[in-house]
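Encoded as structure tokens, the structure appears first; notes follow it.
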Amino acid sequence: MGAGDAGDSSISVRGLWKVYGPKPQRIVGSELADLPRRELEARTGNVVAMRDIELDVAPGEVFVVMGLSGSGKSTLVRTLTRLIEPTAGTVRIGDIDVTAAGEAELLELRRHRVSMVFQHFGLLPHRSLADNVAFGLEVRGVDKKVRREKAETLLELVGLPGLASARPDQLSGGMQQRVGLARALATEPDVLLFDEPFSALDPLIRRDMQDEVVRLRHEVQRTMVFITHDLAEALRRGDRIAIMRDGRFVQVGTPEEVVSAPADEYVRNFVRDVPHSHVVTVETIMSAVDGETATRTVPLGTKVRDVVRHLVDSDRPVAVVDADGHVVGCVDRVAALNVLATEGTDRAL
């Protein structure tokens, strides 16, 4: 999914900067901003955390921002709701100009339109899971019975049925993060912002939580911005990925675009160990329907790695079908092997 025009976007960002230090406005758009970080700080006392970000996120899109520590990705996601005040630029969420919003409008945005999920769960330790999930509804003044029913439904949705009366200290870290996710969903926000929410979890639980978000994404249909330093997480979840370095977007594209055509050496180093067959989709390599009888069909968007196993069992190509079940192309062994060859392997079908 590509970005929509600014007027159709769920989130629209223009010329966004964050500069720390004295008189930060003097750095915005100046030659000083291009100085190496240490030299800039030595000369001016300023640090540029984020510079000239342009971004449109379409409704329902999952947009992933990744980069190394200090790249500016967490600054960006916090600036979207002015948890961090930007130095320059504009942010719009839906029809709201966030950067021009007053205190009351900003509070309304955070309570009703946007929810955030952080690495640290921030659960209220002396309250039940139901009360934690329904906290945002309680702030709104929603009736207690309605809050309870909503909380129980959401706990079931995130895989914690029957635990409404439990306390946070009775749960594992992964289960607590599920409660945090349920709490973010409770207010039915238009936008969900995730700031490395699973990075503190062990690998197996992290994978489970990633799967949970992928599943929920299809059920709740919300716009999501996900911050991560985990490339595998980004590739699995994102409709588009932005790679950040030194406060800038180095490249923005689909997972397939970023892996297949890295913009520079920095991105190339990020993705060099990613097998192309894990991100390249069948529409990229399919050919016109040639009348051969295919033994199998796969939907548009299927990864090449998931087609290879079908090609092992038959000389016939695999047909690619659209959402209506119409055949729109086919993939044969040669096309799949060409993708595998780019991985530097000697695999054979």
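The values are calculated or read from the model by the stated rules, or taken from the named source; none is laboratory data. Since this is a predicted model, take the numbers as computed values, not measurements. Ideal geometry is used to build each Cβ from the backbone, glycine not excepted, and the neighbour counts take in all protein chains shown. Side chains are part of the model used for accessible areas, which takes the heavy atoms of the whole protein and leaves out ligands, DNA and RNA. Shrake-Rupley method; radii C 1.70, N 1.55, O 1.52, S 1.80 Å.
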If you build a Gaussian network model of the chain, linking Cα atoms that sit under 10 Å apart, which residue out of A104, A319, A88 swings the most? A104
Run the reach check for K18 against aspartates and glutamates, Cα to Cα strictly under 17 Å, same-chain hits fewer than 8 apart removed. What comes back? E31, D34, E41, D52, E54, E85, D246
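Restricting to the chain, compute how many DSSP beta bridges are antiparallel as a %, nearest 5. Present the calculation step by step, with values, prior to reporting the outcome.
Numbers: 25 of 48 bridges.
So the antiparallel bridges in the chain amount to around 50 percent.
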Using Cα springs under 10 Å in a Gaussian network model of the chain, which residue among D56, D195, D169 shows the largest mean-square fluctuation? D169
Just to check I understand the Karplus step: with θ = phi - 60° and J = 6.51 cos²θ - 1.76 cosθ + 1.60, what whole-Hz values come out for the stretch 222-232, glycine and proline as x? 10, 6, 10, 10, 10, 9, 7, 10, 9, 4, 4
Quick check: from the Cα gyration tensor, does the stretch 1-115 come out rounded (a/c under 1.5), prolate or oblate? prolate
Cβ-based charge dipole, the chain, positive-most Cα from H126, G162, G174: H126
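Between beta-carbons, use under 14 Å as the cut-off and find the net charge around G67, counting Lys and Arg +1, Asp and Glu -1.
Numbers: positive: R51, K73, R245, R248; negative: D195, E196, D230, E233, D246, D264.
Residues close to G67 contribute a combined charge of -2.
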What the Cα atoms of the stretch 131-206 span along the principal axes, largest first and in whole Å, is 39, 28, 18
When all C-alpha to C-alpha distances in the stretch 179-308 are sorted into bins of 5 Å, what percent of pairs does each bin hold, rounded to whole numbers? 2, 8, 17, 18, 18, 16, 11, 6, 3, 2, 0
Checked the stretch 33-187 against the a/c 1.5 cut and the a/b vs b/c comparison, axes a ≥ b ≥ c from its Cα gyration tensor; verdict prolate
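How large, in percent, is the carbon and sulfur part of the accessible surface of the chain at a probe radius of 1.4 Å?
Numbers: 8180 of 16840 Å².
Carbon and sulfur atoms account for 49 percent of the accessible area of the chain.
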Cut-off under 5 Å, modelled amide H: who pairs with T223 long-range: G60, L192
Per residue, how much accessible surface does the chain expose to a 1.4 Å probe? Answer in Å², no decimals. 48 Å²
Can you give me the orientation-averaged projected area of the convex hull built on the Cα atoms of the chain, in nm²? 21.2 nm²
